[in-house]
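Please read the structure below before turning to the comments.
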Amino acid sequence: ATSDIRNIRIVSNSGKHKIYDLVSFLRKGDYSNNPYLIEGDVVIISKIDKLVKISGLVKYPAIYEFVLNESVNDLIELAGGFLTTARTDTIEVVRFTLDGKTQQSNYYPLDEIEKGKIFLENGDHIIVREIPEYFKEHFVLLDGYIKYPGWYKIVKNKTTLRDIVEEAGGFLKEASLTEATVSRRLQIDEKDPEYERLKVINPADMTEDEYDYFKAKSRQTSGRVVVDFVDLFINSNLDENIVLIRGDVIKIPEKKNYIIMLGQLIMPGKVIYDSTLSVQNYIELAGGFGWRAIEDEVRVIKAKTGEWLDAEDVTKLDPGDTIWIPEEPPGPNFWEVFMDGLTIVAQLAAVAAAMAAIIIATR
């Protein structure tokens, strides 16, 4: 839009005129800027000529029409006010110098801004910056089977995983340290360009390395930090005692006392965990292989990492692991084979008839 709706001029029959700011009415509900018109009034809306800008941590950062005698505080209010993460101890006002060729910055604290005595000029740019990282409160979330779950404050570059678990009262007896995880929220939105590229490619068109990479990334938990809770809290290996950062989420799931049996088995389901049993033992407890099972392609999916392993490479199962038996692909449907065969016979008959006709015609 090119119309200046912050400087609308209304001229009455008597020749008196007054300026009204329609944006102030729409944004702040200021009815003094939305007067009733009377017969004979002339409404004049000019083309935008002069502008000011506000950017950064306000609710409605934008370029606004310049209004004479408007203060920096007025513009901040018009822009909806500060966001909670706005730094208000130093607000920057960028202004052109008298020659109009260069700009200079002045910085004001909020208490001086709120006095309403710093007036705007055409071309001014107000910048409200974010609170620096070191000013922000740092919290992490503990969820699941821990004595006192919830949000906990940490000290930047100091509080460790072990510190926060102790502060939360430690694990409950039902807690599964094997499946416990730390997720780093600040990394969740980070995208892998190669993975994004492969997502739009047909797997049949990928190289072997590309397909292996695509499968591995598809199974990866976004933002997950590699840490072994068992090694840290049972074996006291302090190499696993990572320093936490703001936004980390620590999840402690319930301990699973079973192995999940999936695929071509006589009785798929959950089998009670026994550390002395092998993959083959669990298959036998699930009734053995189903009639379409591919017996030499059994896979184990680890509960902690989601990693897929060949059964023959697994020396020890852990609670919550999954044993998966794939299925032979279905053979051709009888009716489809019959119809295909019938079509071929019909085609051969047509060819034979055509050849016979040619032979007769040439005699």
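Please sort 20-33, 87-100, 346-359 by packing, taking for each peptide the average over its residues of neighbouring beta carbons within 10 angstrom, highest first.
On the way: 20-33: 15.6, 87-100: 13.5, 346-359: 9.9.
By packing density, highest mean first, the sequence is 20-33, 87-100, 346-359.
With each label point set 7 Å from Cα along the Cα-Cβ vector, what nm distance links residue 231 and residue 17?
So the label points at residue 231 and residue 17 sit 7.8 nm apart.
Rounded, prolate or oblate: pick one for the stretch 1-49, where a ≥ b ≥ c are the square roots of the eigenvalues of its C-alpha gyration tensor, a/c under 1.5 means rounded, and failing that, prolate if a/b is larger than b/c, else oblate. Before the final figure, lay out the partial values.
Details: a/c = 2.52, a/b = 1.28, b/c = 1.97.
Here the stretch 1-49 falls in the oblate category.
Using 0.36 nm per residue of separation minus the Cα-Cα distance, give me the extension gain between residue 49 and residue 111 in nm, one decimal. Don't skip to the end; give the middle numbers.
Details: separation 62, 0.36 × 62 = 22.32 nm, distance 3.12 nm.
Roughly 19.2 nm would be gained on extension.
Do any of 156/255; 270/304; 153/270; 191/251 go past 29 Å between their Cα atoms, and which?
Exceeds cut-off: 156/255; 153/270.
Amide H to amide H under 5 Å from residue 265: which residues, 5+ apart in sequence or cross-chain, H placed 1.01 Å off N in plane?
Amide H neighbours of residue 265: 290.
On C-alpha positions alone, give me the angle between the axis of helix 208-219 and the longest principal axis of the chain, in degrees, nearest 10.
Computed tilt is about 70 degrees.
Could you state the orientation-averaged shadow area of the convex hull built on the Cα atoms of the chain, in nm² to one decimal? It would help to have the intermediate numbers written out before the result.
Details: hull surface 169.1 nm².
The number I arrive at for the chain is 42.3 nm².
Which FRET efficiency, nearest 0.05, do residue 224 and residue 83 yield, Cβ-Cβ r, R0 25 Å? Each step should come with its number before you reach the end.
Details: r = 30 Å, r/R0 = 1.20.
So, using R0 = 25 Å, E works out to roughly 0.25.
Using only helices, what value at 222 nm comes out for the chain when you add -39,500 (n - 2.57) per DSSP H run of length 4 or more and divide by the total residues, to the nearest 500 deg cm²/dmol?
Numbers: 9 runs with 85 residues, N = 363.
My calculation for the chain gives -6500 deg cm²/dmol from helical runs alone.
Could you tell me which of rounded, prolate or oblate describes the stretch 86-157, using a ≥ b ≥ c as the square roots of the eigenvalues of the alpha-carbon gyration tensor, with rounded for a/c under 1.5 and, failing that, prolate when a/b is larger than b/c and oblate otherwise?
Verdict is prolate for the stretch 86-157.
How big is the stretch 251-329 along each principal axis, measuring the range of its Cα positions in Å and listing the largest first?
Result, largest extent first: 38, 21, 21 Å.
The numbers here are math on the coordinates, done by the rules we state, and not lab data. Note that this is a predicted model, so its numbers are computed, not measured. Quick reminder, even Gly has a Cβ in these numbers, built from the backbone with ideal geometry, and neighbours come from all protein chains shown.
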